[in-house]
Amino acid sequence: MGVRVWLFLLLGPAAYCQLSEKQRVFDFQQLASVFAKNYAPYEWKRDALKFDLYEVAPWLERVRAAQDDLEFWEVCAMYVASLRDSHAGVSFPSNFAATISATADIYGGKVLIESVTRSTLPADRFPFTRGDEIVSVDGRPIAEWLDQTIHLLGEGSERAARRWAAGYLFNRPQSVFPTAARLGGTLKLGVRLASGEVREFEIPWTKRGYPLPGAGRTPNPVAGLWSRTPKLASGERPYYEEFLEALDRKSMRETPRVTGYGARAPYYSLPSNFVQRLGRRTTDFHYSGIYEAGGKRIAFLRIPSFQPSSSAAAAQELETEVAFFKDNADGLVVDITRNPGGSCYGLEALRRLIPQPFQLPADEIRATLSTSYAAELALIDARNRRAEPVVIERLERIFREVRNALAEDRGRTSPLPFCGSTVDQLPAMDSTGKVLAYTGPLVLLVDELTASWGDIFAAVIQDNRRGTLFGMFTNGAGGSYDTAPAGFFSEMTASFTNTISVRQRVVQTSWAGVTGYLENTGVEPDIFYDFMTRENFDNSGRPFVEAFTAAILAEIAKEQR
């Protein structure tokens, strides 16, 4: 036994065997089966995007043609990425990553260096700097590299996908990029310097973890990797709460290296007369303040995500801030750009920003036997624990709708409410019935990285005519997701969208006709504005701030007529 261990340590990656062709085919078929069984937007992707996940024959040809396990894993990643779904993906059992202390993003259609850590990349050896343009990666034009990388990343928005890819330029986790294990010691980067000269640099990778050269011919089963069988042992958190929370959670599965993504502080500079209120203390969830422009007092609020550590504390913080804004501001700008989503705190924020009754979108749930079983157990658990009647009512409806969908051979349920038992919601009120929500003019900032619950939030503001949306189309990540093992031999993990969100009104799209689905369509802004320009890059976002300030001043003027 000891000899075997020492041989493994000495041989390292070379000791790994590769899967057989039959094992790869088996694993791919299991991956496809996971999506066939659990994926909610199947018909939408088939009809609107013209990708049918059931048509696996050409993919099986690629699986059989793969030269090794890493190529096979890439085929699996490309298959799932073809769904163009921000919630869908496949990850691989590796902790290896190669990184470089720099970041990049796309401005004005060009990939620019956004930051460089000089302690690891000294200027005398690497004289590129913030704002220099990346023109090639390992000898390939940057556009070609982006196109190839996008094929491994599933994103609801093509614009977001390209930015996601740029964010991975200096960060290559093998869990996402199987062939990261083959990276050499350096990255060859072609850079156009500020002088106009194009130079090529060889930048050393920092490598951490253990690179996997393959899955191994006969890996052992992993006990307890994933299970939908709930644990109802005494003293644990109620299972019914976990079941509902999973349906209500609408957040991104990956965190890209994009400046300001999910960050509390804005990634642009606010006016010089801006007086900050929230965001100074580590306990503050929001960032807020007030400034003057055009003779008006403009309130500013950034919501970094919809997943605070304490929803109750965040709601109270927002309620206090809204009370201040009602007395001291003529209009409010709310920033949910670069927001990865979250859970039902999104509803609590809406209840403090919409002063009249409003409606949420609804979710169509993928109907499976396991969902039916889980819903039934959640209902039993809720009844045994004497949960609130509205909770039991919601669980009864979910269980009934899933059972009906299965009996009628439908893939999904009818639209069901999330974050409560009804789509009809009321603004926040005090004990006397006084409305606490903000009542003044409102502008909501959105972009292609406003995702998941961010999509929901933007749709609610627009569909209920509460304010003006300013920016770009939101991400189009419309639903919640779950995970499952997908490959007995490879030990991959699949993420799949198991609900699809439906707006309270339909919209006309140029590519999919009339639809109420948020998936891929996102929410169209009322005022288009692209932050990702060279002008904003060079001026810390000042043109962006001037533009949204003009928008809120226009809204204030409308109300005062």
All conditions in (1) buried (at least 21 other Cβ atoms within 10 Å of the Cβ); (2) of a type in the set (A, V, I, L, M, F, W, C); (3) not in a helix (DSSP H, G or I) are true of Trp164 except (3)
Residue set Ala123, Ala97; condition surrounded by fewer than 22 Cβ atoms within 10 Å (Cβ to Cβ), of a type in the set (A, V, I, L, M), more than 28 Å from Ile500 (Cβ to Cβ) and more than 23 Å from the chain's Cα centre (by Cα); output residue Ala123
Confirm whether Arg366 is at pLDDT 95 or above and under 22 Å from Lys250 (Cα atoms).
yes
Counting only residues in the range 488-539 that are surrounded by 16 or more Cβ atoms within 10 Å (Cβ to Cβ) and more than 23 Å from the chain's Cα centre (by Cα), the one nearest to Arg412 (Cα to Cα) is identified as Glu491
Thr259: passes all of (1) buried (at least 16 other Cβ atoms within 10 Å of the Cβ); (2) assigned to a loop (DSSP other than H, G, I, E, B); (3) under 24 Å from the mean Cα position of the chain (by Cα) but (1)
Considering only residues that are of a type outside the set (Asp, Glu) and part of a strand (DSSP E or B), which ones fall in the range 413-447?
Leu416, Gln425, Met429, Val435, Leu442, Val443, Leu444, Leu445, Val446
Does the range 239-255 include one or more residues that are closer than 22 Å to Pro361 by Cβ, of a type in the set (Asp, Glu), surrounded by 15 or more Cβ atoms within 10 Å (Cβ to Cβ) and touching a residue at least 24 places away in the same chain (Cβ under 8 Å)?
yes
So, in the range 343-367, how many residues would count as being over 13 Å from Ser311 (Cα atoms) and among the hydroxyl-bearing types (Ser, Thr, Tyr)?
0
Going through the range 486-508 one residue at a time, which ones are closer than 17 Å to Asn38 by Cα and out of contact with any helix residue (DSSP H, G or I) (no Cβ under 8 Å at 6 or more places or on another chain)?
Thr493, Ser495, Thr497
Quick one: what pairs do we get from the range 95-123, first residue within 15 Å of Val135 (Cβ to Cβ), second buried (at least 19 other Cβ atoms within 10 Å of the Cβ) and among the hydroxyl-bearing types (Ser, Thr, Tyr), C-beta under 8 Å, 6+ apart or different chains?
Ile113/Thr103
Would you check which residues across the range 450-474 are farther than 13 Å from Ile354 by Cα, part of a helix (DSSP H, G or I) and touching a helix residue (DSSP H, G or I) at 6+ places or on another chain (Cβ under 7 Å) and list them?
Trp453, Ile456
As an exercise: evaluate Glu155 against (1) surrounded by fewer than 19 Cβ atoms within 10 Å (Cβ to Cβ); (2) assigned to a loop (DSSP other than H, G, I, E, B); (3) among the charged types (D, E, K, R) and give the number of the one condition it does not meet.
(1)
Residue under question is Leu70, and the condition is that it be surrounded by 19 or more Cβ atoms within 10 Å (Cβ to Cβ) and under 30 Å from Tyr42 (Cα atoms); does it hold?
yes
Residue count, the range 191-248, condition modelled with pLDDT of 70 or more, out of contact with any Leu (no Cβ under 8 Å at 6 or more places or on another chain) and of a type in the set (Gly, Ala, Ser), comes to 5
Reported set for the range 409-425 where residues are at pLDDT 95 or above and either farther than 21 Å from Arg249 by Cα or among the basic types (Lys, Arg) (or both) is Arg412
Identify the residue in the range 169-201 that is in a strand (DSSP E or B) and over 22 Å from Lys110 (Cβ atoms) and, among all such residues, is nearest to the chain's Cα centre (by Cα).
Pro173
Tell me which strands (runs of 3 or more DSSP E) are completely within the range 22-112 and hold 2 or more residues being among the hydroxyl-bearing types (Ser, Thr, Tyr), or say none if there are none.
102-107
Can you confirm whether the range 434-446 contains a residue that is in contact with a Pro (Cβ under 9 Å, 6 or more places away or on another chain), assigned by TED's automatic domain parsing to the domain that holds Leu350 and closer than 23 Å to Gly154 by Cβ?
yes
Members of the range 265-283 found to be under 13 Å from Phe300 (Cα atoms), in a loop (DSSP other than H, G, I, E, B) and not hydroxyl-bearing (Ser, Thr, Tyr), listed by number
Ala265, Pro266, Leu270, Pro271, Asn273, Phe274, Arg277, Leu278, Gly279
Can you tell me which of Ala180, Ala123 is in contact with a strand residue (DSSP E or B) (Cβ under 9 Å, 6 or more places away or on another chain), more than 25 Å from Ser495 (Cα to Cα) and modelled with pLDDT of 95 or more?
Ala123
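The values are calculated or read from the model by the stated rules, or taken from the named source; none is laboratory data. Nothing here was measured: the structure is a model prediction, and the numbers come from that model. Counting neighbours? That spans all protein chains shown, and the Cβs are built from the backbone with ideal geometry, glycine included.
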